[in-house]
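Data block below; observations after.
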Amino acid sequence: MAESEEEVDVLVQRVVKDIANAFKKNPSIDEIGVIPCPEARYNRSPIVLVENKLGVESWCVKFLLPYVHNKLLLYRQRKHWLDREALVDITCTLLLLNPDFTTAWNVRKELLQCGVLNPEKDLYLGKLALTKFPKSPETWIHRRWVLQQVLNQVSTLDHNKNQQQAEAVQADAERNEQLSDRLARTLRQEMKVCSDAAGRYPSNYNAWSHRIWVLQHMARGNVKVLHDELSSMRVWVSMHVSDHSGFHYRQFLLKELIAEICKRPAHTSTSCSPQRGCSTVPEGSPCPHSRSHSNGEPSGQEAGGEEDSHADFTTVLQLFHQEMDLCSDLIQSFPGHETLWSHRRHVFYLWDQWVREHQHSCSRGSDCKLIHLTDPDPGVPEISSQSCAGQGHGVNGQKHASEPMEVDGLFLPDPHNSKRLKRGVLLPCPPTLPTELSFVSSVLGGCCNTEQRHFALAYRKWLDTVIGLQS
């Protein structure tokens, strides 16, 4: 093994070159690691490349890391000159061994801004660093900075395109498609990086926070992406039932989806709507609850608004119903996990708050019937937990109960409406205080786990003191 300073320098320079050559030889490296090897046993490079895995023998790290660290500090202090290629190689080696060295990321920011590096290359380096250090905060911070540069480039291109609208339309369409494909590809890659990092480190707050940031900046308002994320995460949380961060991410997705579903254009005046909270109609148009015909039939505009409102309410109700079903399945399959009970509490609280927020905005609905979620007997026949059609046999023209239907002040569409009857949509039963108390009782009835019993009793106490008193 090299002992003198000159020999160490030669050794380390060779290792740095070997790492750079490994990436040139195999640009598809997808994981890095340190191979336990206390001393050099063979006269060969300590860099091992097997398939798409890159390993560094541990004996050389104690020489390699101080060398590249000091070289970079001397460069920043303007005491040592390094060309751009050397800077790229040194920062790459340093960040693969210590990704929380902020100075190295800052140097790469400068190289990216002057065009020496491209964003994809830096994202790739960060991805490799996260395979060894999945919680590295500096790596996640740098990824967000790089992604912001990508978004700025797209915004700049869009602005330039708007200034040159007289030019070829076909070229603009192709460019837009390329930009859209690039953003979609980057979004998929980021979701994959976050999933891998979350799987390598439990409750990886940095990875989940980054995933939320990506959706907020790269997929804002994209309901399809939010739906896909919520669906794909179902399997992940089922395999990580103690990961608070993963369930917090589902809560974020649920809130974002509801917010997007309930959004209305801001340029129109608002009026009451059963499900969105407030529907919008142009200024000066008649009240959406007024009848446009003497026979009581709703106008086309009103009917369309009711159709949209009903669809929105159904979507929100299905989201909450599916999430509560997931909670029930996991709680019964994996007893004694506090994370699952905390998630159930949060989801039910979200539902309760969503209902209450729409109570006043929907209180003027004239074609609505009411049933209170917290009433154990709302005056309707008992309906299965899988679906509820409103009132008794409320579809296909069969008998309807005449009692009002309200969801804590949130109005459901009138089942007597002929248009609604033709659709025959079966709504899932909304979560209610009685059904939650019944669920807790069923858990306690067959409970053999001490922790499960403790969490169930705590949840029931929360229902009685928080939800019960509010009702």
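The values are calculated or read from the model by the stated rules, or taken from the named source; none is laboratory data. Values in this document were obtained by computation on a predicted structure and should not be read as measured data. With ideal geometry, Cβ positions are generated from the backbone for all residues, glycine too; neighbour counts draw on all protein chains shown. Only protein heavy atoms, including side chains, enter the accessible area calculation; ligands, DNA and RNA are left aside. Shrake-Rupley method; radii C 1.70, N 1.55, O 1.52, S 1.80 Å.
What to note about this one:
- Pairs with Cβ under 7 Å, 6+ apart, first in the stretch 1-27 and within 12 Å of PRO46 (Cβ to Cβ), second among the β-branched types (Val, Ile, Thr) and modelled with pLDDT under 90: ALA2/VAL8
- Search result, residues across the stretch 3-25 that are surrounded by fewer than 15 Cβ atoms within 10 Å (Cβ to Cβ) and under 18 Å from GLY126 (Cα atoms): LYS24
- Of all the residues in the stretch 121-139, those that are within 22 Å of the chain's Cα centre (by Cα) and among the acidic types (Asp, Glu) number 1.
- For the stretch 41-67, filtered to residues that are open to solvent by 40 Å² or more (accessible area, probe 1.4 Å) and more than 40 Å from the chain's Cα centre (by Cα), the residue that is nearest to GLU5 (Cα to Cα) is PHE63.
- Per-region count, the stretch 313-354, residues touching a helix residue (DSSP H, G or I) at 6+ places or on another chain (Cβ under 7 Å), free of Cβ contacts under 8 Å to residues at least 40 places away in the same chain and over 19 Å from ALA456 (Cβ atoms): 0
- If you go through the stretch 37-92 and keep only what is without any contact (Cβ under 8 Å) to a residue 12 or more places away in the chain, of a type in the set (Lys, Arg) and part of a helix (DSSP H, G or I), you end up with just LYS62.
- The set of residues in the stretch 435-450 being more than 18 Å from ASP329 (Cβ to Cβ) and within 31 Å of the chain's Cα centre (by Cα) consists of LEU437 alone.
- Residue in the stretch 98-106 that is open to solvent by 60 Å² or more (accessible area, probe 1.4 Å), within 37 Å of the chain's Cα centre (by Cα), at pLDDT 95 or above and among the acidic types (Asp, Glu) present: yes
- In the stretch 433-471, the residues that are open to solvent by less than 30 Å² (accessible area, probe 1.4 Å) and at pLDDT 90 or above: LEU433, GLU436, PHE439, VAL440, VAL443, LEU444, GLN452, ALA456, TYR459, LEU463
- Subset tally (residues that are among the charged types (D, E, K, R), in a helix (DSSP H, G or I) and more than 15 Å from ILE32 (Cβ to Cβ)) for the stretch 113-135: 3
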